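Please read the structure below before turning to the comments.
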Amino acid sequence: MAVTRFAPSPTGYLHLGHAYSALFAVENAGPTGTMLLRIEDIDLTRCRPEFAAAIAEDLHWLGLSWPVPVRRQSVHFDEYRAALDRLDAMALLYPCFCTRSQLAAQVSASASAPHGASPIYPGTCRHLAEAERARRIAAGEAFALRLDVAKALRQTGALSWTDLDRGTIAGDPLSLGDVVLARKDFPASYHLAVTLDDARQGVEIVTRGQDLFEATHIHRLLQALMDLPVPVWRHHPLLMGPDGKRLAKRDGVTDLRSLRADGKTPEDIRAMICQAAT
Ligand code: GLU
């Protein structure tokens, strides 16, 4: 019995992979535990209220329920801001002025970007002089705030975390580089918001897809920096299409609405997930 959560972003309709995540969260909560629903809508340009409403409707149709009110990240920017201020007061953040195209060029020039993994920021703005930072900010240049991961680790010391399937995992946040914790347009990032929310909501088992396994290194570091409770994690495999690749649109219709319109039942959805998860 535990508190778990399903935390979709309302950028579209739920598909089979989301249904798998939601059912996985319910299963890990156990018969007397609680699965919380959280709407991760910090990206105001991509998230839409109608998709949030559709998420609830589709999950109810699947037979799931959760306590209300549902936490919506977009109404908690003040909390994320306070956390950023705290990390800033610890001198762990720095402004990064690199544009998207500069980042792309830096990353392709860097031999250290591991093949297939998301690009790692090479630290270009980490060592800018204070005067230059101040000048560029005063000139109105856009910037993101990055976490100086090596410096943060020197404060926390070595970390580890528990994955319920894989056991004790040695923390390796350096493998993700200096992640962005806030952008110009959104005063929070996925990493920051998810870590704070899981703590605020008393989540005991963080369940999510294997694609977010590496992100856990950063979340564990943020918990240590901000004295947050440390949950355990469980990552489910990603659903596979008949070609053995990650299930995608090319495998046909996978959004729950269309499947329902085609006459599929919640039981059919569960069966489809079982098939794609093996
Ligand atoms: N909002 C994230 C997504 O939709 C999931 C975050 C998480 O489970 O930690 O992929």
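The values are calculated or read from the model by the stated rules, or taken from the named source; none is laboratory data. All of these numbers come straight from a predicted model, not from anything done at the bench. Positions of Cβ are generated from backbone atoms using ideal geometry, with glycine treated the same way; all protein chains shown enter the neighbour counts.
Of the helices (runs of 4 or more DSSP H) lying entirely inside the stretch 25-119, the ones with 1 or more residues being among the aliphatic types (A, V, I, L, M) and at pLDDT 95 or above are found at 49-62, 77-89.
For SER189, the conditions (1) of a type in the set (Ser, Thr, Tyr); (2) modelled with pLDDT of 95 or more; (3) farther than 21 Å from LEU23 by Cα all hold with the exception of (2).
Yes or no: the stretch 137-144 includes at least one residue that is buried (at least 17 other Cβ atoms within 10 Å of the Cβ) and closer than 30 Å to PRO231 by Cβ. Yes, because at least one residue in the stretch 137-144 is buried (at least 17 other Cβ atoms within 10 Å of the Cβ) and closer than 30 Å to PRO231 by Cβ.
None of LEU212, LEU147, LEU225, LEU164 is surrounded by fewer than 21 Cβ atoms within 10 Å (Cβ to Cβ) and away from the ligand (no atom under 16 Å from the Cβ) except LEU225.
Select from the stretch 148-166 the residues that are in contact with a helix residue (DSSP H, G or I) (Cβ under 7 Å, 6 or more places away or on another chain) and in a strand (DSSP E or B) and list them in ascending order. Result: TRP161, single match. Listed by position, the strands (runs of 3 or more DSSP E) enclosed by the stretch 167-255 that each have at least 2 residues that are under 15 Å from the mean Cα position of the chain (by Cα) are 180-182, 205-209, 232-236.
For beta carbons closer than 7 Å, sequence separation of 6+ or different chains, a first residue in the stretch 258-274 that is among the hydroxyl-bearing types (Ser, Thr, Tyr) and a second that is assigned to a helix (DSSP H, G or I), there are no qualifying pairs.
Does the stretch 71-85 contain any residue that is closer than 22 Å to LYS249 by Cβ and away from the ligand (no atom under 14 Å from the Cβ)? No, the stretch 71-85 contains no residue that is closer than 22 Å to LYS249 by Cβ and away from the ligand (no atom under 14 Å from the Cβ). Inspect the stretch 24-47 for any residue being more than 11 Å from the ligand (Cβ to nearest atom) and on the phi > 0 side of the Ramachandran plot and give the result as yes or no. Yes, because at least one residue in the stretch 24-47 is more than 11 Å from the ligand (Cβ to nearest atom) and on the phi > 0 side of the Ramachandran plot.
Here is the figure for the stretch 198-209: residues that are near the ligand (Cβ under 9 Å from one of its atoms) and surrounded by 22 or more Cβ atoms within 10 Å (Cβ to Cβ) total 3. For the stretch 238-271, which positions are at pLDDT below 95 and closer than 23 Å to ALA29 by Cβ? The answer is LEU238, LEU239.
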